Structure formats: structure tokens, C-alpha cells
Amino acid sequence: MPSYKQASLDDQWDAIVIGSGIGGLAAAALLSAHAGKKVLVLERHYTAGGYTHSFNRPGYTWDVGVHYIGELQDPRSPIRAVFDHLTEGQLQWQPMPDIYDRVVIGTGVGARTFDFPTSLESLRASLKQSFPAEGSAIDSYLAAVQAAKKWSGLYFAEKAVPRPIAGIAGRFMRAPFLKWASQTTLDVLHGWTRNAELVAVLTAQWGDYGLPPAQSSFGMHALIASHYFEGASYPVGGAARIAEGITPLIERSGGKVVVSADVAEIVVSGEKATGVKMADGREFRSAIVVSDAGARNTFERLVRQSQSQPVRDDLRRIPGSIAHLSLYVGIKQSAAELGLNGTNLWIYPTPDHDANMSRFLNDPSAPFPALFISFPSAKDPLFERKHPGRATLEAIAFAPYAPFAPFENNGTWKRRGPDYDALKNVLAERLRHELELAVPAIAGKIDHAELSTPLTTRHFMNYQHGEAYGLAATPERFLSRSLTPHTFIRNLYLTGQDIVSAGIAGAMMGGVVTASAVLGRNLVAKVTKPWVTKTAARS
């Protein structure tokens, strides 16, 4: 993809999309495919894809944000249909092992392990085997997750409909889902059980949306938990294939995806967005501007304060999501030689996720509140072809931004001074120690280890406090009326994970909802139908 300085770009476009995360790419591709619009996608990073991009070091490749995605093995599932629609069926998916997530609670000989198997009924049976006295609570929980997921469709559809219709019917469209989303995950679970260990297991995937159960919305929890009921998959060839697969659809109508393109301002004339102004002063004009930069970035940094104050006030009630550390590890042995099969590990010091987090926020030397270990080279069947005799792992832990804030203005990426390097080295060694304890097969074999911090996320993703998931998954997030594709500025739209839900699939569906809002057409119904190739359609 061309860089901004090297690309030959017109001044006028049918639509401009700020940011090339999957929400921005999906919106751009659908505007191109379904309305023939010439779309300019402007990405400030030197590579496209947002959290779906990959990076390389000699002998290794890592994906920064794609660890597993649900609802993909059945071609009839809506998520698979959207991916197929955006990539014209070219993106292939490798199923994860039958046990896609393994949860470890506690340490040493007292640690207990719980598996998340593929299929809802297998999960139900596994939970009841581990907690035989909690069968009724488990059934009630699974039914509630399914109910919340069912009603979420109407809730998100309301975001795309024209404002006059939303004004009449919106309250009724939102209410069934908000019954669940307005409560915390812990409050809902405590309606059925007080078994702390069962609650810990049922909420063990809280890291997939970044907020422990006493703080998170049960609506967000239900969306993520149900997403994996039928197992998980990984993109064949790695996460970079996602942006590579979507870009041709944008280019077909004359659009372009341009990297190293820093947007300084959304240009607003009167009450209407008319284009964008770049950091170098150049302006591009368009009748449609879509921001995939996140709601807070959009209204606090890209739109002038005098024009965005009402939304800024609303967003102040929703905190940003937690930041994270990620240790990227490379080993000079294949995943098969090391006995790694791709099952993710979730490791917790105690069953109380909220107490674990609170303890760590107050004392960074305390045990990590959650440790997620991923094995990308074991998930991708093409990895061995690209990097024979090599394996990659990632160890991820949530961390507050505050310890890193003093270094945010010290130089730039990889050049922030010795004190910052010393802090990184301490944290990297802690993660490395935990990783080798959890995966003994790699002990003493690490060839390459590289730590990203919240400042890395700030530098590349432009989240000011290194947020992993944009806005936090609180009940207030779902009650907000600002998190819709439509904004109070005409022709300015929002997209991405702040519009729908956290994660890759949620951000992608944000793109679908936004494109529907822009065009005033129900693209959701169209693109969630199973993909039919042109050859099959003609036969």
C-alpha cells in the first residue's frame, strides 16, 4: 500500500475514511461495492489494518491483535458471511483445536484447570462436570447469554436507521438488549450463583473485552462469550491477510488505502463535514467523512472543541479501556517440535478477577491480574512454510497507563531513554518468567523477546492512554446515545468497535452498521447472507 508522500491523490473523493482498522476498511469496502463510491482511506501507521496488522523480525512474524475469532467455521454464520463478502471468499480460516481456551486459576499444586471446548453443548457438559451442584445456574447463565445476543441485533440496528425513525421506535428497539447490558456481569451472575470459582470460570474470557465482572456490562460479556460457543478460528497466512483481502474491493471503484497519512482535523463548514486536513496542511474534500479513529479521538482531537462539546461531555461518563503489555517471543524450533497445539491459556492468580485487578493497579509488583498466552505459529498452517523450524508465542497482561505516562514525551518509539528501558526490562523479565512456568517446553529456548507497552499502543494506534479496546465495556457505554454511526455533524459518521462491540468481529460489524447508515440501506441483511461466488451464481 502506498505511503501518503508517495501516492498521487486527487483533492476530491466520494468518501474519506480516517483509519484502516477493520471497521474503517469494512465501511470503505461496502461503500465501494454497494454504491460505487471512490473512497480514500487514510492510515497514520506505516502499515494498514489497525489491530489486524502484523509485524516482522528476522525469522519471525507476529500478529498484534488477532488471536482467535469465533463464528467462522459455519459458512452460514453471519460473521463468516461478512468476512467472505468483504474478501470475496478469498480469506481462509483454520479451526482452532477443539479446546480453544484453557483456564488456569491459582498457582502451584493448588491450581485448577478448566477447558472451553467447541460447541455450546460441550461447554455446558464440561461446566456441569466441574460444578455438578450448579447445573441450574449454568443453564440459566447460558440461556441469558443467548437471549442477550439475540436482542443485540435490534439494538445495533437502531444505530443505523435514520434519526427520525430512531426517535419514534428507538426506545423499543433498544430496551430488550439494555435489560441485560445495563447490568454488570457480576450482578447478573449473582442472580443465579454465589460460587466464586464458577463465576471466575464463566467470566474467564473477560480479557477479550478488557473489564472484570463487577465493572463490565453483561451485554458486552454475552456478545463475546456467545461469539466462541461454536469454537474459534485463525486466518490462514496470518492476520495481515485480512487487510490484504479487503483492499481490492476498495480499489475497484477508484479508491485508495494510503499509509503514513496523519489526519490533523476534520473540516467542518457550518454544521457539515466537508473533508479532512492533513498534518502537512493539505486538505481533501468529500461529501462523506467516516472516522475509525475511535469516538474519543474523533471528538476530542479531530473535531474542534466548540463543535463537539455535547459529545465530549457524554463521553466523559465512559472511561477508556485498560491498556496492556505484550511480550512477543520467538524460538528456533517449530511449534510441532515444542508440542504446541494452539490452545490459548488464560492464567489467573485467584478466582476474584476484580480483586486481582484492583491489587495490581494499587501495586504493580503484585501478580498480573490476568495472563493470556497465545501460540500464533501453531494456529497458522502456513507459518512453517514461511518460517521453517521457528515458533512464535505471545504473553499478554493488562497494565495501567500511569507508570508509563512520565515517558510519553521522552523521545519516540524505541528511543525513550534508559529509565523507560529499565522499566520495560523488568516487566519483560516478569512476563518471560511467567511464560516459561506456563509453557515449560520453551524454558531456556527463547531466541527473541520484545515487549510492547501502553506507549507502543499510543504510538501506533493513537489511543492516548494505550487503550486496548477503545471505550471501556461498562453499562454506561451501552446507555450512551453518542455511540452511533450518525453524529450531530452532518456527513460525519463513526465506525469501529466503539459503535458495536470490542474485538475484531465487533469492529467489523461496526463497519457494516456505519455503511448502512451512510447509504440509508440495510446492508446488514445483505452481507450476513452466505457468500455465493460468481461462478456458483452462474451455474
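Just the number, please: carbon plus sulfur as a percent of the accessible area of region 206-259, 1.4 Å probe, no ligands or DNA/RNA counted.
49 percent
Can you give the local net charge around GLN90? Use residues other than it whose beta-carbon is closer than 12 angstrom to its beta-carbon, Lys and Arg +1, Asp and Glu -1.
Overall, the nearby charge balance is -2.
Around ILE266, under 10 Å between beta carbons, what's the net of Lys plus Arg minus Asp minus Glu among the other residues?
Net local charge, ILE266 excluded: +2.
Please list, ordered by chain and number, the residues whose modelled amide H lies under 5 Å from the amide H of ASN462; skip anything fewer than 5 residues away on the same chain.
Long-range HN contacts for ASN462: none found.
Can you give me the accessible area per residue for the chain, using a 1.4 Å probe, in Å²?
39 Å²
Which percent of the accessible area of region 4-138 is formed by carbon and sulfur heavy atoms (probe 1.4 angstrom)?
47 percent
Could you compute Rg(Cα) / (2.2 N^0.38 Å) for region 324-414, with N its residue count?
1.36
Can you give the accessible area of ILE396 in Å² (nearest 10), computed on protein heavy atoms with a 1.4 Å probe?
Approximately 20 Å² for this residue.
Under a crude label model (7 Å from the Cα following the beta-carbon direction), how far is GLN92 from VAL532 in nanometres?
The two pseudo-label positions are separated by 2.5 nm.
Going by Cα centres, region 258-302 and region 206-256 are how many Å apart?
Result: 25 Å between the Cα centres.
Given the Cα-Cα distance of ARG57 and ARG316 and 0.36 nm per residue of separation, how much length would full extension add, in nm?
Extra length from ARG57 to ARG316 when fully extended: 89.3 nm.
If you find the alpha carbon centre of region 52-105 and of region 304-378, how far apart are they in angstrom?
Distance between centres, Cα-based: 18 Å.
Any idea of TRP180's accessible area? Nearest 10 Å², probe 1.4 Å.
30 Å²
Expected output is a single nm value to one decimal: the length gained when fully extending between SER136 and HIS433, i.e. 0.36 nm times separation in residues minus the C-alpha distance. What is it?
102.9 nm
State the Cα centre-to-centre distance between region 125-173 and region 179-199 in whole Å.
14 Å
Checking the a/c ratio against 1.5 first, then a/b against b/c, what shape does the Cα gyration tensor give for region 84-223?
oblate
With +1 assigned to the C-beta of every Lys and Arg and -1 to the C-beta of every Asp and Glu, and no other charges, what is the dipole magnitude of region 370-469 about the Cα centre in debye, to the nearest 20?
It comes to approximately 240 debye.
Heavy atoms only, probe 1.4 angstrom, no DNA, RNA or ligands counted: give me TYR348, TYR4 ranked by accessible area, highest first.
TYR4, TYR348
Using only the alpha carbons, work out the radius of gyration and Dmax of region 200-316 in angstrom.
When restricted to the Cα atoms of region 200-316, Rg and Dmax are 19.3, 52 Å.
Are there trypsin sites (Lys or Arg not before Pro) in region 95-196 that DSSP puts in a loop and that have at most 15 other Cβ atoms within 10 Å, and which ones?
In loop regions of region 95-196 (DSSP not H, G, I, E or B), the sparsely surrounded trypsin sites (Lys or Arg not before Pro) are ARG194.
Please report the relative contact order for region 20-106, taking Cα pairs under 8 Å with a sequence separation of at least 6, and give it as a percent rounded to a whole number.
The normalised contact order for region 20-106 reaches 19 percent.
Along the Cα→Cβ direction, 7 angstrom out, place labels at LEU361 and THR47. What is the inter-label distance in nm?
Between LEU361 and THR47, the label points sit 3.3 nm apart.
Between ALA125 and LYS332, what FRET efficiency follows from the Cβ-Cβ distance if R0 is 35 Å, with the result rounded to 0.05?
Taking R0 as 35 Å, the efficiency between ALA125 and LYS332 is 0.30.
Hey, got a sec? Which trypsin sites (Lys or Arg not before Pro) in region 1-52 land in a DSSP loop and have at most 15 other Cβ atoms within 10 Å?
In loop regions of region 1-52 (DSSP not H, G, I, E or B), the sparsely surrounded trypsin sites (Lys or Arg not before Pro) are LYS5.
For a test of the definition: using alpha carbon positions, the gyration tensor, and the 1.5 limit on a/c, classify region 89-130 as rounded, prolate or oblate.
oblate
Could you compute how much accessible surface LEU437 exposes when probed at 1.4 Å, giving the result in Å² to the nearest 10?
110 Å²
Rounded to whole Å and ordered largest first, report the semi-axes of the equivalent ellipsoid of region 1-148 derived from its Cα gyration tensor (root of 5λ).
Semi-axes from the Cα gyration tensor: 41, 21, 13 Å.
Hey, what's the Kirkwood Rh for region 423-539 if you take every pair of different alpha carbons, in angstrom?
For region 423-539, the Kirkwood estimate is 18.2 Å.
Where does each of ASP262, ASP280 land when they are ordered by accessible area, with a 1.4 Å probe and the largest first?
ASP280, ASP262
Return a whole-number percent for the relative contact order of region 325-474, with Cα pairs under 8 Å and 6 or more residues apart as the contact set.
Relative CO of region 325-474 lands at 32 percent.
Give the lysines reachable from LYS277 as a straight Cα distance under 26 Å; neighbours fewer than 8 places away on the same chain don't count.
Straight-distance partners of LYS277: LYS5, LYS37, LYS38, LYS256.
Cα-based count: Lys pairs in region 380-539 below 30 Å, eight or more positions apart or different chains?
So the count of such lysine pairs works out to 7.
Leaving ligands and nucleic acids out of the surface, order VAL426, VAL289 by accessible area at 1.4 Å, largest first.
Ranked list, largest accessible area first: VAL426, VAL289.
Cross-link candidates for LYS159: which aspartates and glutamates have Cα within less than 13 Å, leaving aside residues fewer than 8 places away along the same chain?
ASP498
Going 7 Å from the Cα of LEU382 toward and past its Cβ, which residues in region 20-54 have a backbone nitrogen under 17 Å from where you end up?
48-49, 52-54
For region 272-399, give the percent of accessible area contributed by carbon and sulfur heavy atoms, probe 1.4 Å, rounded to a whole number.
Carbon and sulfur together cover 50 percent of it.
List the relative contact order of region 55-163 as a percent without decimals, with contacts defined as Cα pairs under 8 Å and 6+ residues apart.
10 percent
Given points 7 Å out from each Cα along the Cα-Cβ axis, report the ARG282 to TRP413 separation in nanometres with one decimal.
Result: 2.1 nm between the two label points.
Of all beta bridges DSSP finds with both residues in the chain, what is the antiparallel percent, to the nearest 5?
Within the chain, antiparallel bridges account for around 70 percent of the total.
Applying the Karplus parametrisation 6.51 cos²θ - 1.76 cosθ + 1.60 with θ = phi - 60° to the phi angles of region 175-186, what ³J(HN,Hα) value in whole Hz is obtained for each residue in order, glycine and proline being reported as x?
Rounded to whole hertz, the list is 4, x, 6, 5, 3, 8, 6, 7, 9, 6, 4, 5.
By the gyration tensor of its Cα atoms, with a ≥ b ≥ c the square roots of the eigenvalues, what is the shape of the chain: rounded for a/c under 1.5, prolate for a/b over b/c, or oblate?
rounded
The values are calculated or read from the model by the stated rules, or taken from the named source; none is laboratory data. On a predicted model such as this, the values are computed, not experimentally measured, just so you know. Cβ: placed from backbone, ideal geometry, glycine included. Neighbour counts: every protein chain shown. These accessible areas exclude ligands, DNA and RNA; they are computed on the full protein's heavy atoms, side chains included. Shrake-Rupley method; radii C 1.70, N 1.55, O 1.52, S 1.80 Å.
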